């Protein structure tokens, strides 16, 4: 393969937008949890568990975890893009990051629905 | 006429002679008619004629005397000598992130390659009218703050994203110029221009740290222009 610089992957906008949207989701979730804590939801194990295992809260927590992983994916990949130049190592790091994040999301879902 | 002595620390590197770069301490006497850093540099050249730097118009229009002055990019011809604190040496280095040709002269090839990549000219396939292609005053106003760029490279060479990926990230100067043509109502290649930039590297390496705005000697705002390009892409996509 000739050594030419190639750019134009056309996914820049999607990821940039996703990072912003997932950021907003995380801010809203954090505010909701902070408000609940201020109202004493974390007072005892039972009250905290009751709060976190409510249907809507499970849904919101899962959404938060997915947003966190997606947000982290864009951000961590940005770091690999800036600091790691060899394509093979970069691809390996991308794949490992993606696998780790998918794993974390699955693990988190399991914890949320075990409550 | 009052005179004073200015102390300089200047980055020196002549690849034909020097093993590696070094900082040279040198002093120069300036008088009250010397107003700008460039005046002092011209006098420095009389003290040591081996110092190499670029300069041309000496009034902030040509953009050739961009330097890293006390750690901050700027034009020597627009930097007041009075702005330097007394007793501290003035540290001059070449613009960061570009290959050094000699002393304060950098190789701008990469910078201009990125500028060329955004096709910095009007694309309009209609036959030109007899006099000129007209714009409303409002449409013309949108180009203010865009067309004034002098391509001195102060912004792009102060941008970490450009340091890491100068071959892939267009950089603030190129993106400001890109928006200048995207915003131009006389241009017909808006879609192609947006396509050209819709890439994780070319546009989206910008993380809005605004070093470019901080150093622009013409007071321009590439970050704002980049934001407008992103806005247009979002509007186009939804």
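Calculated FRET efficiency, residue B:72 to residue A:10, Cβ-Cβ distance, R0 = 30 Å: about 0.25 to the nearest 0.05.
With both bridge residues required to lie in the protein assembly as shown, what share of the DSSP beta bridges run antiparallel, to the nearest 5%? Looking only at bridges with both residues in the protein assembly as shown, the antiparallel portion is about 85 percent.
Descending by average beta-carbon neighbour count within 10 Å, the peptides B:160-169, A:30-39 line up as B:160-169, A:30-39, the highest first. Its alpha carbons give segment B:63-203 an Rg and a Dmax of 18.1, 62 Å. The mean count of C-beta atoms from other chains within 10 Å of the C-beta of residues in B:197-210, rounded to a whole number, is 5.
Averaged over the residues of A:10-20, the number of partner chain Cβ atoms lying within 10 Å of the residue Cβ comes to 5.
When the Cα convex hull of chain B is projected onto planes of every orientation, the mean area is 16.2 nm². Between residue B:23 and residue B:144, the simple spin-label model (points 7 angstrom out along Cα→Cβ) gives 4.3 nm. Pop the C-beta distance of residue A:45 and residue A:110 into the FRET formula with R0 = 30 Å and round what comes out to the nearest 0.05. Rounded to the nearest 0.05, the efficiency is 0.95.
From the alpha carbon centroid of segment B:10-31 to that of segment B:192-206 is 39 Å. Counted residue by residue at 0.36 nm each, then reduced by the alpha carbon distance between them, the extension gain from residue B:130 to residue B:113 reaches 2.7 nm. The calculated FRET efficiency for residue B:238 paired with residue B:83, based on their beta-carbon distance and R0 = 56 Å, is about 0.75.
Measuring nothing but how far apart in sequence close Cα pairs (under 8 Å, 6+ apart) lie, relative to its length, segment A:15-114 scores a relative contact order of 35 percent. Per-residue extension of 0.36 nm, minus the Cα-Cα distance of residue B:33 and residue B:50, leaves a gain of 3.7 nm for this segment. Working note: Debye formula, equal point scatterers on the alpha-carbon atoms of segment A:15-114, no solvent; log10 I(q)/I(0) at q = 0.18, 0.22, 0.24 Å⁻¹ is -0.89, -1.11, -1.22. Averaged over the residues of peptide A:70-79, the number of Cβ atoms from other protein chains lying within 10 Å of each residue's Cβ is 1.
Residues within the reach of a label modelled at residue B:214 (point 7 angstrom out along Cα to beta-carbon, backbone nitrogen below 15 Å), restricted to segment A:61-90: there are none.
Residues B:86, B:231, B:187, arranged from fewest to most other Cβ atoms within 10 angstrom of their Cβ, appear as B:86, B:231, B:187. What is the Cα centroid distance between segment B:93-107 and segment A:20-89, reported in whole angstrom? After rounding, the separation between the Cα centres reads 45 Å.
Computed from the coordinates by the stated procedures, all read-outs in this text should not be read as laboratory data. Note that the structure is a prediction, hence the values are computed from the model and not measured. Every residue, glycine as well, gets a Cβ built from its backbone with ideal geometry; the counts of neighbours run over all protein chains shown.
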